[in-house]
Amino acid sequence: MKYILVTGANGGMGRKTAELLKKQGFCVFALDKTVCEAEENVIPLQADLTDEASVINAYERVREVTDELYAIVHFAGIYMLDSLAEIEKESFETSFRVNLFGVYLVNKTFLPLLKCGSKILITTSELAPLDPLPFTGIYAVTKGALDKYAYSLRMELQLLGISVSVIRAGAVDTGMLNVSTAALERFCTHTKLYSCNAKRFKNIVDRVEARSIPPERIARKVQKILNKRNPKFAYSINRNPLLLMLNAMPQSFQFWIIRQVLK
């Protein structure tokens, strides 16, 4: 029996991935702040990934079952849209603690269970290698940092025979998109600097999210990556053509376009 740790396992992508991996014969440790009932080959683990003691406790529970993990698959994260000029300090810090620090803490804590041939998959974002748009800054910066962290980690862990890959996913039809839309609506209501701009940006976000894909596609991508002997570093899925076109333009032209659209 091979064991896989999935973080954010109670969310849309994590849940579908755990279900698929279970069908493929893996035993899944389903880690999240809120957990579902245990079932055959799915072991729920309750943990706060921003709290070291909580993560260590989850590690000890895994150690009671196995001394080796075939893979760690990271889905835990928050999708926040806000203004970098107005975002509250607590929200700014929380974004980094969940999207970056939590991944680091899990990898560091569970590293003793990874052997030569083990894999780490980290979900970043299609925005990670792109220039951020207005009001996506906090999300893009944390995911960009996570993407760079993953690349650096791959450089190091390849020396131990452990592969690290990222999934740069575009919009996925999960509850996270609903939460982000609600947050953007609150921002549009409360911002004192960008009221007109924010409402126009919300229309853009709605069109982007309309091209979302089901979480099952992410689950199948994870399965394919785990089956590869030598996975590559980055896998992109559901990239938005308008974002790609904008990013291909000179930065001065990008700034001009955004001013014309949102000002």
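Between helix 52-63 and the chain there is an angle of about 40 degrees, using the helix long axis and the longest principal axis of the Cα atoms.
Summarised as an ellipsoid, region 53-162 has semi-axes of 29, 17, 9 Å, derived from the eigenvalues of the Cα gyration tensor scaled by 5 and square-rooted, with the largest first. Here the Debye sum runs over all C-alpha atoms of region 107-164 as equal scatterers in vacuum, and log10 of I(q)/I(0) at q = 0.27, 0.29 Å⁻¹ comes out as -1.02, -1.12.
If you take the Cα centroid of region 223-263 and the Cα centroid of region 90-169, the two points sit 17 Å apart. The mean sequence distance of close C-alpha pairs (under 8 Å, at least 6 residues apart), as a share of the length of the chain, puts its relative contact order at 19 percent. What do you get for the angle between helix 195-209 and the principal long axis of the chain? Use alpha-carbon atoms, 0 to 90 degrees, nearest ten. Approximately 40 degrees, to the nearest ten. Taking the C-alpha atoms only, the angle from helix 175-190 to the longest principal axis of the chain is near 30 degrees. Highest mean packing comes first when the peptides 190-197, 56-63, 214-221 are listed by Cβ atoms within 10 Å, giving 214-221, 56-63, 190-197. Taking a quarter of the surface of the Cα convex hull of region 197-259 gives a mean projected area of 5.9 nm².
All C-alpha to C-alpha distances of region 1-71, sorted into 5 Å bins beginning at zero, yield P(r) values of 3, 18, 31, 26, 17, 4, 0 percent in whole numbers. Peptide packing: for 30-39, 66-75, 247-256, 11-20, the average count of neighbouring Cβ atoms within 10 Å per residue gives the ranking 11-20, 66-75, 30-39, 247-256, highest mean first. Over all other residues within a Cβ to Cβ distance under 12 Å of ALA47, the charged ones net out to -3, with Lys and Arg as +1 and Asp and Glu as -1. Helical runs (DSSP H, four residues minimum) scored at -39500 (n - 2.57) apiece and divided by the length of the chain put the mean residue ellipticity at 222 nm at -15000 deg cm²/dmol. Pairs spanning more than 29 Å between alpha-carbon atoms, out of LYS22/LYS89; LYS148/LYS192; LYS23/LYS115: LYS22/LYS89; LYS148/LYS192.
Using the alpha carbons alone, the radius of gyration of region 31-110 stands to its Kirkwood radius in an Rg to Rh ratio of 1.04.
At the listed q of 0.09, 0.17 Å⁻¹, the Debye profile of region 113-256, built from one uniform point per Cα, gives log10 I(q)/I(0) equal to -0.34, -1.03.
Between beta-carbons, use under 10 Å as the cut-off and find the net charge around LYS16, counting Lys and Arg +1, Asp and Glu -1.
Working: positive: ARG15, ARG217, ARG220; negative: GLU19, GLU216.
So the surrounding residues net to +1.
Taking a Cβ cut-off of under 10 Å around ALA71, the surrounding Lys, Arg, Asp and Glu residues balance to a net charge of +2, with basic ones at +1 and acidic ones at -1. Across the chain, Cα-Cα pairs more than 26 Å apart make up 41 percent of the total. Measuring against 22 Å, Cα to Cα, the residue pairs LYS108/LYS143; LYS33/LYS143; LYS119/LYS224; LYS143/LYS228; LYS16/LYS199; LYS202/LYS263 contain LYS143/LYS228; LYS16/LYS199 as the ones spanning a longer distance. Close amide H contacts of ALA234 (hydrogens built in the peptide plane, cut-off under 5 Å, sequence separation of 5 or more or a different chain): VAL166.
None of the figures in this text is laboratory data; all of them are computed from the coordinates on show. Please read all numbers here as calculations on a predicted model, not as lab measurements. Neighbour counts are summed over all protein chains in view; Cβ atoms, including those assigned to glycine, are modelled from backbone coordinates with ideal geometry.
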